[in-house]
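Notes follow once the structure below has been shown.
The values are calculated or read from the model by the stated rules, or taken from the named source; none is laboratory data. Just so you know, these numbers come straight off a predicted model, no measurement behind them. Reconstructed Cβ throughout: ideal geometry from the backbone, glycine too, with neighbour counts over all protein chains shown. Remember, those area values only see protein heavy atoms, side chains included, never the ligands or the DNA or RNA. Shrake-Rupley method; radii C 1.70, N 1.55, O 1.52, S 1.80 Å.
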Amino acid sequence: MSIPAMGLGTFRLQGEVVTDSVRNGLEAGYRVIDTAQIYGNEAEVGAAIAASGVARSELFITTKIWTENLSRDKLVPSLKESLSKLRTDYVDLLLIHWPSPGGAVPVKEFMTALAEAKEQGLARQIGISNFTVELMQQAIAAVGAKAIATNQIELHPYLQNRKVVEFARRNGIHITSYMTLAYGKVLGDPVIQQIAARRGATPAQVVLAWAMKLGYAVIPSSTKRANLESNLKAAALQLSDEDMAQIAALERGERLTSPAGLAPAWD
Ligand SMILES: NC(=O)c1ccc[n+]([C@@H]2O[C@H](COP(=O)([O-])OP(=O)(O)OC[C@H]3O[C@@H](n4cnc5c(N)ncnc54)[C@H](OP(=O)(O)O)[C@@H]3O)[C@@H](O)[C@H]2O)c1
């Protein structure tokens, strides 16, 4: 069991936009799709996958449990609804999307329910998202580090999240970088652009290759077929130690996703 290095994100994409993105993505060769209950697009993602004709066994589908469904009585029933929308019997990866606001549902309760979903065969792997070191410690105490496949966190050149990465690494928890492109913001960075020019690559390929070289999984989203196709080619781009050091130096603690009432006390 492991987390594939490159997938397709679907946050913000609705209706025909998400259907087109998933269809184009699958045609281009993506086999990993990242959605979430709160994205309101699981049914469209499921329809696009069904229409693609790609075999379920070739796909890696991730969804995420919304904060309203974290209690033991709601988690598995909400997952079953997600599975029905996605037109599948299981997800490959099931994440807790955000920790419970104000700790309303104890970490132990939702991690145990998540583990039960896996035991029931509704999820092949389980994990967490937007978890700080302290929350990861609680999740580990609940189900053990080995049970936690990944922590999906905001991570891009402007927010490299080193404290969370180090802790996760010490505990054998894989990191998935979300918003690796900082929603497009890092693509205009002069350092990224210079590396892209040197390597004959696009700025997006440079940023995705940087994250993958550090061992993170990436799930960039795009509404454009050309971007979907070129992003996929980032896996073949080799960056030098000097390129990596230059990108490492871009860290500036710039967090783009911190919803009030939802975000934990970040590290
Ligand atoms: N767990 C969480 O709480 C959480 C939070 C946020 C995101 N996520 C996941 O992570 C995924 C990725 O994050 P994101 O979609 O917010 O941001 P992102 O992948 O960093 O950036 C997407 C943006 O970059 C543009 N883009 C993509 N490829 C490009 C290219 N080659 N050249 C130029 N622009 C390009 C896209 O525009 P075009 O459409 O014009 O290409 C889009 O505006 C999400 O879709 C979601 O699945 C998870």
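Which of the residues belonging to region 7-23 are of a type in the set (Val, Ile, Thr), within 11 Å of the ligand (Cβ to nearest atom) and open to solvent by 10 Å² or more (accessible area, probe 1.4 Å)? Explain how you work it out, then say what you get.
Step one: filter region 7-23 for residues of a type in the set (Val, Ile, Thr), giving 10, 17-19, 22.
Going one step further and asking which of them are within 11 Å of the ligand (Cβ to nearest atom), we end up with 10, 17-18.
VAL17, the sole residue that qualifies.
Scanning region 181-233 for residues that are within 10 Å of the ligand (Cβ to nearest atom) and acidic (Asp, Glu) returns a single hit, GLU229.
Is there a residue in region 234-255 that is of a type in the set (Val, Ile, Thr) and within 11 Å of the ligand (Cβ to nearest atom)? Spell out how you get there, then give the answer.
Kept after step one, since they are of a type in the set (Val, Ile, Thr), are these residues of region 234-255: 247.
Add one more test, that the residue is within 11 Å of the ligand (Cβ to nearest atom), and what stays is none.
No, that holds for no residue.
Note on region 231-267: residues that are closer than 20 Å to VAL191 by Cα and of a type in the set (S, T, N, Q) amount to 4.
Residue pairs, Cβ under 9 Å, 6 or more apart or interchain, first in region 14-26 and in contact (Cβ under 8 Å) with a residue 60 or more places away in the chain, second open to solvent by 50 Å² or more (accessible area, probe 1.4 Å) and part of a helix (DSSP H, G or I). List them. Hits for this filter: VAL17/GLU44; ASP20/ARG225; SER21/ARG225; ASN24/ARG225; ASN24/GLU229; GLY25/ARG225. Consider region 86-123 and keep the residues that are assigned to a helix (DSSP H, G or I), over 28 Å from ARG56 (Cα atoms) and in contact (Cβ under 8 Å) with a residue 12 or more places away in the chain. The one that is least open to solvent (accessible area, probe 1.4 Å) is VAL107.
Here the condition is being in contact with a Leu (Cβ under 6 Å, 6 or more places away or on another chain), charged (D, E, K, R) and at pLDDT 95 or above; of LYS85, LYS64, it holds for LYS64 alone. Within region 126-137, can one find any residue that is touching a helix residue (DSSP H, G or I) at 6+ places or on another chain (Cβ under 7 Å) and within 11 Å of the ligand (Cβ to nearest atom)? Scanning region 126-137 turns up at least one residue that is touching a helix residue (DSSP H, G or I) at 6+ places or on another chain (Cβ under 7 Å) and within 11 Å of the ligand (Cβ to nearest atom). May I ask you to list the residues in region 140-172 that are away from the ligand (no atom under 15 Å from the Cβ), open to solvent by less than 40 Å² (accessible area, probe 1.4 Å) and within 17 Å of the chain's Cα centre (by Cα)? The one that is away from the ligand (no atom under 15 Å from the Cβ), open to solvent by less than 40 Å² (accessible area, probe 1.4 Å) and within 17 Å of the chain's Cα centre (by Cα): VAL165. Being outside any helix (DSSP H, G or I), over 12 Å from ILE128 (Cβ atoms) and touching a residue at least 24 places away in the same chain (Cβ under 8 Å) is a property that does not hold for THR150.
For region 29-60: of the residues being assigned to a helix (DSSP H, G or I) and open to solvent by 50 Å² or more (accessible area, probe 1.4 Å), which is nearest to the ligand (Cβ to nearest atom)? Steps first, answer last, please.
Taking region 29-60 and keeping what is assigned to a helix (DSSP H, G or I), we get 37-39, 42-52, 56-58.
Within this subset, residues satisfying the condition of being open to solvent by 50 Å² or more (accessible area, probe 1.4 Å) are 38, 44, 50-51, 56-58.
Values: ILE38: 9, GLU44: 14, ALA50: 20, ALA51: 20, ARG56: 20, SER57: 22, GLU58: 20 Å.
Checking each candidate, the answer is ILE38.
Here LEU83, LEU26, LEU75, LEU79 are screened, and the one residue that is more than 14 Å from the ligand (Cβ to nearest atom), more than 30 Å from ILE140 (Cβ to Cβ) and part of a helix (DSSP H, G or I) is LEU26. For the structure I just gave you, tell me whether PRO4 is closer than 23 Å to ALA115 by Cα and assigned to a helix (DSSP H, G or I). Against the criterion (closer than 23 Å to ALA115 by Cα and assigned to a helix (DSSP H, G or I)), PRO4 does not qualify.
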